Amino acid sequence: MAYKRILLKLSGEALMGNQNYGIDPQRIEQYALDIKKIHEHDIEIAIVIGGGNIYRGVQAESSGIDRVQGDYMGMLATVINAMAIQSTLEKHGMYTRLMSGIKMEAVCEPFIRRRAVRHLEKGRIVIFGAGIGNPYFTTDSTASLRAIEIEADVVLKGTRVDGVYTADPEKDKTAKKFEKLSFNEVISGGYHIMDMTAFTLCKENNVPIIVFDMNEPGNLEKIVVDKAPLGTLIS
Ligand code: UDP
């Protein structure tokens, strides 16, 4: 049986496509069409989007900007991406709500858990912008936290690699992909899936994570609807 409610994490960097900054129109279009396919199966969809294609807090210090200030700049970057995704989804006929971890009445609703769940029940795609609204966190942590709060069945981490490997597949040709891993195997093997805060939240609350290649059109539907063993499942 297909997943009922999912939390899709998209990295900001993936949105860049082959550019070195900003949003690639073809990439965002492909994402929207993939999301539409699963939406047509009545799957409840929440999305967390990163901001790495525009700004990251860790960049700040090297340019003389205070780290906390930089983190807020990163959070604002995620809102820009979220608005772009929202607009593209709506262009394709989906109803959406953008909820922000930082109050920004003119462009989005504040994050209110019960309200987010209600939107999902009504078939609206909920996009969570501005991370959790606090510095020193990442959008991966946001994905884990929001997934727990809305009781999502799974966190889908869309990346440009198709799963977790024994070594970096771009450097080591003998690297093998895992179909499944337990949370403990990820820790003992030292595999990097997401930052520790994000990972621990999923582990302690038993939210499975699937790492998969979001850039391959159709993958999202195969994983969510057919539960095809693409990517790597961590549970
Ligand atoms: N950020 C933050 N708190 C949050 C989420 C994000 O401070 O709850 C900041 C942080 O500086 C981060 C930036 O926003 O570097 C962009 O998010 P992230 O790096 O997670 O984006 P991604 O790597 O997924 O593109």
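Filtering region 209-235 to residues that are buried (at least 19 other Cβ atoms within 10 Å of the Cβ) and touching a helix residue (DSSP H, G or I) at 6+ places or on another chain (Cβ under 7 Å) leaves Ile209, Ile210, Phe212, Met214, Leu220, Glu221, Val224, Leu230, Gly231, Ile234.
Residues in region 91-134 that are touching a residue at least 40 places away in the same chain (Cβ under 8 Å) and of a type in the set (D, E, K, R) were compared, and the one that is nearest to Lys36 (Cα to Cα) is Lys91.
Working only within region 114-171, note down all residues that are within 14 Å of the ligand (Cβ to nearest atom) and more than 20 Å from Ser11 (Cβ to Cβ). Glu149, the sole residue that qualifies.
A short reminder: the numbers here are calculations on the coordinates, not readings from a lab. It should be emphasised that the depicted structure is a prediction, and the values quoted were computed from it without experimental measurement. Don't worry about glycine lacking a Cβ; one is built from the backbone with ideal geometry, like all the others, and counts go over all protein chains shown.
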